[in-house]
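Asks: Encoded as C-alpha cells, here's the structure I'll be asking about.
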Amino acid sequence: MTANDYGRTSFWLETSGDDLTPRPPLDGSIDADVAILGAGYTGLWTALYLLRRQPRLKVVVLEKEIAGFGASGRNGAWCAPDFNISLPELTRRYGTAAARATQEETYNAVEEIGRASAEEGIDAGWHKGGRLTVARGPHHLQALRDDIATYERFGFGGRNQLLGAAETAERIRIAGALGAVYTPDCAVIHPGRLVRGLARAVERRGATIHEGTAVTGFRPGRPGGPGPLLRTARGDVHARTVVLAGEAYLTQLRQLHRQLLPVWSLIVLTEPLSDEQWASIGWGARECVHSYRMSIDYLSRTEDGRILFGGRGAPYRFGSPIRPEYDRHAETHEMLRGMVRSWFPALRDVGFTHAWGGPLGMPRDWMPGFTHDPATGVASARGYTGHGVGATNIAGRALADLIIGTASALTELPMIGHRSPNWEPEPLRWLGVRYTQRAFGRLDAKAERTGKPPSGPSLARWLGRH
C-alpha cells in the first residue's frame, strides 16, 4: 500500500498531516532490549514511557502496516474515563477499593494524555469538553438513574451531574432527549495526529519502528535458555522482553487466536456544517455524546465542524478473520447515516464525506489484561472493547512499570496479571456472537417501540456479560 492508500483508511489518517509512506521494514534478525508488536497506542505509549525512564534501552517496534493503521487511527475520537467493565462488576470480582482505584486511574489518564502530548510536542487536538450520556426516550430513563446512583455509591457523584431535558438541550439539541448524565472528565482528540505524533516521539527518543513487517509468531523465553523473540518473514527480533500490543490483530497469531474476538465498529462523517446548522443543534462545548442503546452509539464533533457518528452492527465473521473489505459494511453505514438524521432532524439534508471502520478486541470476560511474565519475558496489554484511547495510556505506563520492575498504583490494578478465558471454538463462537448481535438490536427496537426498558432474563444479556 502507498501513502495515499493508507490515507483512505480513515479521515484521521487522511488529515493527520504526517507522511504516511511506510518506514523501512526489518532487514534480517536483530537484537533488542524490548521488542514490541504493534505501532498503535499501546505499543507506542509503552515505548515512550520506557524510554522516558531508561533512555538507553534499545526498543524496536514491528508493525505490519503503518503506525496508526489499526484502531488507534480509526476510532471515534473519545478520550474518556472508561474501561469496558463496569464499577459494580469490578466490585463483584475484586472489591470496592479496586473498583474505585481503577476508576480514578481512568480520570488520571484523560489528563495524562493531554499533558504527555503537549510535553512531546504532539498537536493531538486534545479538547476537554466533557461527555453526555443521553436518555433518548422513556426507555432510557431507568438506565440514566442507575448510572447516577452507581457514581454516587462509589464516591464519584461530584464528577457526574444529572441533567433534565431542558438542561440537556442547553448543551445539545437531540430529538427525543429526556435527560443526560454529564461529566466534565472527558476529552476529544484527533486520533491520527496523536498516534502519528507518538511514533515520531519514540523515534526521537531512540526507538526504531519497522513498518511493513508482519509478526507471524512469538517465542517465550526460558529460564537458563534462549530469550523471547518475535518472528517475521524478514528475520527475528531477539529481546529481553517482547510486548504483544496488537489488540484485535493478535487474533491472527495462532497462540492467541481465541483470546480476543474481532468485532467491527463503523463510523460515518458528515460534511462540515454551516454556522446556521450548528446554531440549530448547539453542541458548542464539543462534548463526546452517546446514548443508552445496547447496540452502542458514539458521537463527536470534529475541529473543522463535522459530526462523527459511530456504532456497531457489522456482522461477526466465522473463524474470526480480519480482512480489509470488512471495514466497510453498506447496511451498517447507511443505518448510521439515518441515525444522524434521526437524532438531528434539522440535518435531514446533510451530506456525508467519509465512512470507515475497523476491528476492536473483545475478551471473553469483558476484562482487559495487562501482563508481564519475567520468567518468559513476554508482556501484553489487550481487550479494551472500544475504550482504548484512555485505557492504552494506562496500559503503556503499567507495562513500563512492570518491565522495569517499579511498583506503583498502576501495578496494583485488577487488570495486572489478568488473563481472560478463551472464546469458544467454532461454530459455537459464531452462533453465540451472531445471536447476541441480533438480539441486542431487537431489544433496542422493542424498547424504542414500547417506551419500556428491556427487563427480565435475557440470553443475549447473559452472553454479553459472560
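The values are calculated or read from the model by the stated rules, or taken from the named source; none is laboratory data. Worth saying up front: this structure is predicted, and the values here are computed from it rather than measured. Cβ: placed from backbone, ideal geometry, glycine included. Neighbour counts: every protein chain shown.
Asks: Tell me, yes or no, whether region 324-347 has at least one residue that is in contact with an Asp or Glu (Cβ under 9 Å, 6 or more places away or on another chain) and either on the phi > 0 side of the Ramachandran plot or in a loop (DSSP other than H, G, I, E, B) (or both).
Replies: no
Asks: Among the residues of region 152-161, count how many are touching a strand residue (DSSP E or B) at 6+ places or on another chain (Cβ under 8 Å) and either among the small types (Gly, Ala, Ser) or buried (at least 17 other Cβ atoms within 10 Å of the Cβ) (or both). Can you show your working first?
Replies: Pass one, region 152-161, residues touching a strand residue (DSSP E or B) at 6+ places or on another chain (Cβ under 8 Å): 159-161.
This time we only want the ones that are either among the small types (Gly, Ala, Ser) or buried (at least 17 other Cβ atoms within 10 Å of the Cβ) (or both), so: 160.
Matching residues across region 152-161 total 1.
Asks: In addition: Regarding region 181-202, can at least one residue be identified that is without any contact (Cβ under 8 Å) to a residue 60 or more places away in the chain and closer than 17 Å to Cys288 by Cβ?
Replies: Narrowing region 181-202 to residues without any contact (Cβ under 8 Å) to a residue 60 or more places away in the chain: 181, 184.
Right, trim to closer than 17 Å to Cys288 by Cβ and you get 181, 184.
Within region 181-202, one or more residues are without any contact (Cβ under 8 Å) to a residue 60 or more places away in the chain and closer than 17 Å to Cys288 by Cβ.
Asks: Given the structure, is Ser295 under 30 Å from Ala166 (Cβ atoms), part of a helix (DSSP H, G or I) and in the same structural domain as Arg145 (by TED's automatic domain parsing)?
Replies: Details: under 30 Å from Ala166 (Cβ atoms): yes; part of a helix (DSSP H, G or I): no; in the same structural domain as Arg145 (by TED's automatic domain parsing): yes.
In short, no.
Asks: Anything in region 77-130 that is part of a helix (DSSP H, G or I) and either of a type in the set (S, T, N, Q) or touching a Phe, Trp or Tyr at 6+ places or on another chain (Cβ under 7 Å) (or both)? List them, or say none. It would help to see each step written out before you state the result.
Replies: Our first condition is that a residue be part of a helix (DSSP H, G or I); within region 77-130, this holds for 87-94, 96-119.
Those that are part of a helix (DSSP H, G or I) and either of a type in the set (S, T, N, Q) or touching a Phe, Trp or Tyr at 6+ places or on another chain (Cβ under 7 Å) (or both): Leu87, Thr91, Thr96, Ala99, Arg100, Thr102, Gln103, Thr106, Asn108, Ile113, Gly114, Ser117.
Asks: While we're here: Provide a single number: the residues in region 28-70 that are within 28 Å of Pro262 (Cβ to Cβ), hydroxyl-bearing (Ser, Thr, Tyr) and in contact with a strand residue (DSSP E or B) (Cβ under 6 Å, 6 or more places away or on another chain).
Replies: Looking only at that region, the number is 2.
Asks: Sticking with this one: Pairs, please: C-beta under 7 Å, at least 6 apart or cross-chain, first residue farther than 13 Å from Gly176 by Cα and in region 283-294, second of a type in the set (A, V, I, L, M) and in a loop (DSSP other than H, G, I, E, B)?
Replies: Final answer for the pair search is Cys288/Ala80.
Rundown of residues vs (1) in contact (Cβ under 8 Å) with a residue 12 or more places away in the chain; (2) among the charged types (D, E, K, R); (3) closer than 30 Å to Thr450 by Cα, yes/no style:
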| residue | (1), (2), (3) |
| --- | --- |
| Val60 | yes, no, no |
| Ala71 | yes, no, no |
| Phe83 | yes, no, no |
| Arg100 | yes, yes, no |
| Ile122 | yes, no, no |
| Leu141 | yes, no, yes |
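Asks: Return yes when Thr91 is surrounded by fewer than 16 Cβ atoms within 10 Å (Cβ to Cβ), at pLDDT 95 or above and not assigned by TED's automatic domain parsing to the domain that holds Gly396 and no when it is not.
Replies: Details: surrounded by fewer than 16 Cβ atoms within 10 Å (Cβ to Cβ): no; at pLDDT 95 or above: yes; not assigned by TED's automatic domain parsing to the domain that holds Gly396: yes.
Criteria not met by Thr91.
Asks: So which residues in region 364-379 are in a strand (DSSP E or B) and more than 16 Å from the chain's Cα centre (by Cα)? Can you show your working first?
Replies: Restricting attention to region 364-379, the residues satisfying the condition of being in a strand (DSSP E or B) are 369-373, 378-379.
Answer for region 364-379, where residues must be in a strand (DSSP E or B) and more than 16 Å from the chain's Cα centre (by Cα): Thr371, His372, Asp373, Val378, Ala379.
Asks: For Gly17, only one of the following conditions fails: (1) among the small types (Gly, Ala, Ser); (2) crowded, with 16+ Cβ neighbours inside 10 Å; (3) more than 14 Å from the chain's Cα centre (by Cα). What is its number?
Replies: Failed condition: (2).
Asks: For region 298-309, enumerate the residues that are outside any loop (DSSP other than H, G, I, E, B) and of a type in the set (Lys, Arg). Give the derivation first.
Replies: Initial filter on region 298-309 (outside any loop (DSSP other than H, G, I, E, B)): 298-301, 307-309.
Across region 298-309, the qualifying residue is only Arg301.
Asks: For region 395-407, check the following and say yes or no: at least one residue is touching a strand residue (DSSP E or B) at 6+ places or on another chain (Cβ under 7 Å), surrounded by fewer than 19 Cβ atoms within 10 Å (Cβ to Cβ) and either small (Gly, Ala, Ser) or not in a helix (DSSP H, G or I) (or both). Walk me through it before giving the result.
Replies: Initially, region 395-407 is screened for residues touching a strand residue (DSSP E or B) at 6+ places or on another chain (Cβ under 7 Å), giving 395, 398-399, 402-403.
Subsequent filtering for residues that are surrounded by fewer than 19 Cβ atoms within 10 Å (Cβ to Cβ) retains none.
No, region 395-407 contains no residue that is touching a strand residue (DSSP E or B) at 6+ places or on another chain (Cβ under 7 Å), surrounded by fewer than 19 Cβ atoms within 10 Å (Cβ to Cβ) and either small (Gly, Ala, Ser) or not in a helix (DSSP H, G or I) (or both).
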